[in-house]
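Contents: one structure, followed by commentary.
Nothing in this text is a laboratory measurement; each read-out follows from the coordinates by a stated rule. A quick note: this is a predicted structure, and the numbers were derived from the prediction, not measured. Cβ: placed from backbone, ideal geometry, glycine included. Neighbour counts: every protein chain shown.
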4 protein chains.
Amino acid sequence: MYSATIIGASGYSGQETLDRILRHPELELAALGSDTYAGQPASSLDPRLARSSKPVPAFVTNADALTSAADVTFLCQGHETAAAFEPPANGIVVDLSGAHRSNDPAIYEQWYGFSHPRADELAAWTYAVPELTPPDGRLIANPGCYAIATILALAPLARAIETSGVVVDAKSGVSGAGRVPKDASHAGAVLDNFKPYRVGSHQHEPEIASALGFDICFVPHLLPIRRGIIATCYVVPRDGADLRALLQAAYADAPAVDVLPEGVLPELSRVQQTDATELGVFEDQATDRVIVIAAIDNLGKGAAGSAIQNANIALGIEPTTGLRLSGVLA
Amino acid sequence: MYSATIIGASGYSGQETLDRILRHPELELAALGSDTYAGQPASSLDPRLARSSKPVPAFVTNADALTSAADVTFLCQGHETAAAFEPPANGIVVDLSGAHRSNDPAIYEQWYGFSHPRADELAAWTYAVPELTPPDGRLIANPGCYAIATILALAPLARAIETSGVVVDAKSGVSGAGRVPKDASHAGAVLDNFKPYRVGSHQHEPEIASALGFDICFVPHLLPIRRGIIATCYVVPRDGADLRALLQAAYADAPAVDVLPEGVLPELSRVQQTDATELGVFEDQATDRVIVIAAIDNLGKGAAGSAIQNANIALGIEPTTGLRLSGVLA
Amino acid sequence: MYSATIIGASGYSGQETLDRILRHPELELAALGSDTYAGQPASSLDPRLARSSKPVPAFVTNADALTSAADVTFLCQGHETAAAFEPPANGIVVDLSGAHRSNDPAIYEQWYGFSHPRADELAAWTYAVPELTPPDGRLIANPGCYAIATILALAPLARAIETSGVVVDAKSGVSGAGRVPKDASHAGAVLDNFKPYRVGSHQHEPEIASALGFDICFVPHLLPIRRGIIATCYVVPRDGADLRALLQAAYADAPAVDVLPEGVLPELSRVQQTDATELGVFEDQATDRVIVIAAIDNLGKGAAGSAIQNANIALGIEPTTGLRLSGVLA
Amino acid sequence: MYSATIIGASGYSGQETLDRILRHPELELAALGSDTYAGQPASSLDPRLARSSKPVPAFVTNADALTSAADVTFLCQGHETAAAFEPPANGIVVDLSGAHRSNDPAIYEQWYGFSHPRADELAAWTYAVPELTPPDGRLIANPGCYAIATILALAPLARAIETSGVVVDAKSGVSGAGRVPKDASHAGAVLDNFKPYRVGSHQHEPEIASALGFDICFVPHLLPIRRGIIATCYVVPRDGADLRALLQAAYADAPAVDVLPEGVLPELSRVQQTDATELGVFEDQATDRVIVIAAIDNLGKGAAGSAIQNANIALGIEPTTGLRLSGVLA
């Protein structure tokens, strides 16, 4: 058994990480950090935690949680808070925020809107997509939710498509905005509504561009849904490229990525509450475009699922251990 | 006062057309046709119709309704049914279906999946977007919901953008699929879900292409929402073109189309239950794309609103008479 | 024309009141108060306000707005803030909060959780349900949203039913909780969810009890919906009482209350975005209960609609002037 | 390992039963019956079935499936179809429909609206609530979804409460209406809407009455949600009865029923996609009522979960084997 600590355990990504740890056969909890809930039992966050078959410690402050010397520490805080984080001397760290996804400090100024406080340490972190670029160090930057959906859809195709003119139109459930109440996540602004946001200026664009090797035009939208992302990616294949075959080859041994049979449309209901990915490939009848569509749960494959998968790889465990690869059928 | 008859009055577009007629100061109802409701009072469709201040006749069969010799007949049926329709000898006809949107019979075979039964009469109909290509004959093909959103966003820009590589990613509420119960419109398949459909093969592509003068790559998606369309349009401006200025000029005198101020994002909640259109223009930070976003109500501007507007123009009335141009604020 | 000022114009009930004033033929805006938006144009709250055909002033502070000496002042603030409000020397005041709904200071301590700062002035206010107990002074306490739904359903029956054992199970959309972001109104807690809250302890119980003359057992629930209340009321009729006939008689001349024909079920979709009320009466097959069901929009008849109606009555105008009595049909 | 066959496997309750069988360590699939899908692979219903680690046979007709001589047959059809079902000569049968929940043929005429075709065999079936009245024969009538929520909340209290005047106000997601498209389950009628239905005449009332020993007043409502039921039960305790203590005692050894700590409110988000039950007990501040609230997933504890649990008991297996007792946390 390996020990795991969560910093920021009461936010969405923290709670989802906790969920995967509780069902993981080789992880046990060292500490649950939350400055909001410190001193309270875990069940104060969710009453179901009182019935867990695996021991769940009470919340402590994030500072206290960091003293737990766990084998793996999951950092589940906001971008700017996480950027100031001083990693423990030992053990694996998986940062679920955007604070260590780029080595270039200018990215944080332009796209995140803050000056990185530990810019000279950025190179110590590696950006890891489990199926494509698995972690090879102990400090792991977990991909953004939109980013991993797009990268899983397009990275295996990068040499087979025209690299200019790629458009990614993405739609996400509201949990991507985090648990802290804001005007934009007020139910009155979300229910029975749909809208784009940060049009052409979302901070996941540079990490996608870095992973693919070229810029894309990226527009996110907010769905009146709790969980899930659909990324609809528009590309032009180079001569004769069979994009479906390339994706099938890339994910032949990837249990968490399913290239759907021809004609089957990805949809959120099949990936919500899971760590699975659905990919579909479609030809346009009117132009030379091919459309590659990815569906994930933004809190699953888009956050906690990949974080656990990255931690598993770093620990030398079977990568999909503890993941939820299939939801309830109906 | 002009008389109006609705054929297929109990479907969504029929009922919405009825709604606009009831609040229209210059239209009165000649007949309400519905083969399903024939013989029943209007209130059997919606109990609020029992309280209408304007007289609402009982439903008759569609065949009987056609004998009403109304000044305007609104044809609110399915594509294939409407294609077989024999227009009355006199009076304006506005067809809200797709049955007369193209003069080319091959379009119906390829994109609609049926052979047009009155192909030689297609040329008698004119496709009319009220603000851009108003009707000039008595047989009027009303635009499709996705089509009018896209055309309003892009037609004024057609000469100012690269005509290849245009991508339109659209999202619609479920009422676009009509009122007849189907697997795809079952609430269990729609609620808390989101998915693409007819990827690259939706029948609105050719009418958009015809209006713009070039093909686009068009992908629709189904929102877990009753009403509303967002069309996110990705274009590359030609040298120096100011797309926002072009749209503002095109719609300076169009009360039903609002080019939003810079930075204001279109959203469904402000156009639902109205006949209004919101347009937003945004530059991409990473590529040379400009994103033009249209928001409409698919049953309003996307169907009944434009149908009334086209009828008004054909009757010589102020075009926006009887429309709902603003919903409830909050 | 009468002048109207809104205090707290940027909250939900304030914005809805603004909406009714803009469409009211005999009201014009004196001032829009909002401490949050003071100094900004009205369109900063909602871009549609830039296109209003009636003049809309810029926001000023609530204190400044109060100096406008309007014929009617609508008080649209939180309970505790409104309780400290010093009414202007002249003019009608309609308080949409709960701060003046009871004359008994103890009610505020027990059910609202605060000590009323102006307890000795409570008797100057009159609690007004437009159709049943219209206002007869210039200081008007507008009913609570759950309260008015329940009172409209039950008050005309008070002498015809057993007064013990009445149960009211109510369900509301999230806008009833106001626009300030809170954990409970975060879309992640509301979407695809449903739950009771303040079970047996909601602050609308005492105003309902006061209006009916007896206590009820009242439980509210939160719907994953923006707007609307269904109050399902369970009563036992006294010998031979015809509850439907009593309601029909009570509302024969009330355009904003519709007693539905037998067998027609009230539903939210027909009253949302309106100031209308639907009432249905049903007999239980298994017990001696009769079920009376009311449907309203919590921001319409449950707030701004009744506020305008009360103001109209106090001004001597036709009561339903400026109201939205019917939504879009489909 | 025991073999299991599903009759009507492509409906909601059939698919959910399949889901539990696939994760059940002691059940394997004998046959999947569906007259709609016969001849097609299981993945034609849901593409995830192509990736199942447990073998999933192709669909056969229901008649063919019945020849599989399975240890357990799950009957997942409509009430009237299931009523005509001739049980196999051997093996356990669990009927998830309402066709065998009462021994009294008159119930079917009055509440279900059909004459039972095999009325003289009704006595061979036993109605089984796993935690309270476990099955003791091979022909098992599984409880209705509303019924089991209400019975779990009230049956342990039956002697401690006044038996007249009990009110149960229930709210369900749309999957309770089955997968066959109907007007009432059309997303356009469900989304952003809420309404009561079958007020005082729902067919689950008699089975609740039979289980409790007295009639209740029962009103169901339709939530704009896919899955989940909240039953809000209003009772008057007899002198000094401690209803919470009675429920805690009844379910002390029931892993699928959780009596929540004082002050914790049941909610759907925690039980959706699970076979768990949450019960809460609350005192009314204004009257002598106590409110007992049950939350379940209508397709989980309300259908497939209880069916598997009943089958486990009949097979002599640990009752909650194969169930989903906890969902994803966030």
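Listing for the model above:
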item	result
Rotation relating B and C, chain C residue nearest the axis via C-beta, angstrom	C:ASP192, 2
12 Å beta-carbon shell around B:LYS54, net charge (K/R +1, D/E -1)	0
Cβ neighbours within 10 Å from other chains - mean over C:18-25	2
B:VAL259 long-range amide H proximity, modeled H, under 5 Å	B:LEU279
Cα→Cβ-extended label distance, 7 Å offset, between B:ALA158 and D:ASP253, nm	7.8
Value of [θ]222 nm, deg cm²/dmol, for the protein assembly as shown, DSSP H segments ≥ 4, -39500 (n - 2.57) each, nearest 500	-5000 deg cm²/dmol
For residues of A:39-45, the mean tally of beta carbons on other chains within 10 Å	1
In sequence order, calculated HN-Hα J values of region D:178-188 (Karplus, 6.51, -1.76, 1.60; Hz; x Gly/Pro)	x, 8, 5, x, 9, 3, 6, 9, 4, 4, x
Extension reserve of the A:ASN90-A:ASP104 stretch, reckoned as 0.36 nm per residue once the Cα distance is removed	2.6 nm
Efficiency of FRET between D:MET1 and B:GLU28 - r from beta-carbon atoms, R0 56 angstrom, step 0.05	0.15
Region A:146-298 - percent relative contact order, Cα under 8 Å, separation 6 or more	30
Chain B, relative contact order [Cα under 8 Å, separation at least 6], %	17
Residue pairs, from the table A:LYS195/C:LYS301; C:LYS195/D:LYS195; D:LYS171/D:LYS301, whose Cα atoms sit over 22 Å apart	A:LYS195/C:LYS301
Charge dipole (debye, nearest 20) of the protein assembly as shown; +1 at Cβ of Lys and Arg, -1 at Cβ of Asp and Glu	0
Student exercise, region B:146-298 dipole from Lys, Arg, Asp, Glu Cβ charges, in Debye to nearest 20	560
For chain D, built as a Gaussian network whose Cα springs stay under 10 Å, the top-fluctuating residue of D:SER44, D:SER34, D:SER102	D:SER44
Inter-copy spacing of D:SER164 label points, which lie 7 Å from Cα along Cα→Cβ, given in nm from shortest upward	1.2, 8.5, 8.5
For B:ASP64, label point 7 Å along C-beta direction: distances to other copies, nm	4.9, 6.3, 7.9
Cβ-vector label at 7 Å, A:ALA241, separations to other copies in nm	2.6, 7.1, 7.5
Shielding by partners, peptide D:47-55 (average Cβ within 10 angstrom, other chains)	4
Two-site FRET efficiency, C:TYR197 against C:PHE114, from Cβ-Cβ distance with R₀ of 25 Å, rounded to 0.05	0.85
Cα gyration tensor, the protein assembly as shown - rounded (a/c under 1.5), prolate or oblate	rounded
For region D:208-267: rounded, prolate or oblate by the Cα gyration tensor [a/c cutoff 1.5]	oblate
Residue-by-residue Karplus 3J(HN,Hα) for region B:49-61, coefficients 6.51, -1.76, 1.60, Hz, glycine and proline x	5, 6, 10, 5, 7, 9, x, 10, x, 5, 5, 10, 5
Cα gyration tensor shape of chain D, rounded if a/c is under 1.5, else prolate or oblate by comparing a/b with b/c	prolate
Set of aspartates and glutamates with alpha-carbon distance to D:LYS54 below 16 Å, sequence-local pairs under 8 removed	D:GLU16, D:ASP19, D:GLU26, D:GLU28, D:ASP46
Highest-fluctuation residue, A:ASP183, A:ASP242, A:ASP71 considered, GNM on chain A with Cα pairs under 10 Å	A:ASP183
Listed residues C:VAL190, C:VAL292, C:VAL168, most fluctuating in chain C (Gaussian network, C-alpha, under 10 Å)	C:VAL190
Centre separation in Å (Cα based) which lies between region C:225-244 and region A:156-186	47
Net charge dipole size for chain B [Lys, Arg +1 and Asp, Glu -1 on Cβ; Debye, nearest 20]	820
